[in-house]
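Structure record follows, encoded as structure tokens.
Here, each number is a calculation from the coordinates, and none is a lab measurement. Computed from a predicted model, the values in this text were never measured in an experiment. We place every Cβ from the backbone using ideal geometry, glycine too, and count neighbours over all the protein chains shown.
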Amino acid sequence: MRYSYEFKRKCVELYYRGEYPDTPDGIGSRRFHQLVRKWVRIEESCGPDALRHNNQNKEWTSKDRYALVAKVRAGESVSSVAISAGFNADQLYQWVRKYKIYGYNDLILRKGRKPKDPDMKKVGTRKPPKPNESEYEELIRLRAENEYMKTEIEVIKKEIALREEKEAARLKTKKQQSLKNSGNKDTN
């Protein structure tokens, strides 16, 4: 449902007085109260003009997108960053998800529609970009280091298991010795 700027302002003013306006038809009161609280946060962070309808969507540059994603990655909540920027949190969720999967390159704006190609794969099957040569070398080095560490851990585990077996065998022979010795003392 689309609400007018005047209605939103009236709801925010009533909220500041500790009241809620009557809930419109077709929406639950709990959902409407959440919406009013969202309008209050938007107005507090961006001013009353942020409640107006934008006739045109703002074009976000890749630097702007990255700045917002960086705030989220630094620990701020997605909803608070989106409200302070003055747009819907769902879009920011998408940018953060794309950044986590594909990196900065996917935040770059691309104009136009993708060509209709029957061989084109679905969006969900897109693979992250291939690493450059230095990243590839580092990846190989890290994989080798990881394999070396795994083998070291296995060797250490085997050494621990051998020590435990030896200790268990030693305790068993000691117990048998003590039982044997105690049996000899009883017969005398």
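Run the Debye formula on the Cα coordinates of segment 1-109, all scatterers equal and no solvent, and tell me log10 I(q)/I(0) at q = 0.22 1/Å.
Result of the Debye calculation: -1.16.
For a label point 7 angstrom out from the Cα of Glu165 toward its Cβ, which stretches of segment 129-154 have the backbone nitrogen within less than 20 Å?
Residues passing the 20 Å test: 151-154.
Tabulate in residue order the Karplus-calculated ³J(HN,Hα) for segment 37-43, using 6.51 cos²θ - 1.76 cosθ + 1.60 with θ = phi - 60°, rounded to whole Hz; enter x for Gly and Pro.
Calculated HN-Hα couplings, in order: 4, 5, 4, 5, 5, 4, 5 Hz.
Local charge sum around Glu145 (other residues, Cβ-Cβ under 11 Å, Lys/Arg +1, Asp/Glu -1)?
Overall, the nearby charge balance is 0.
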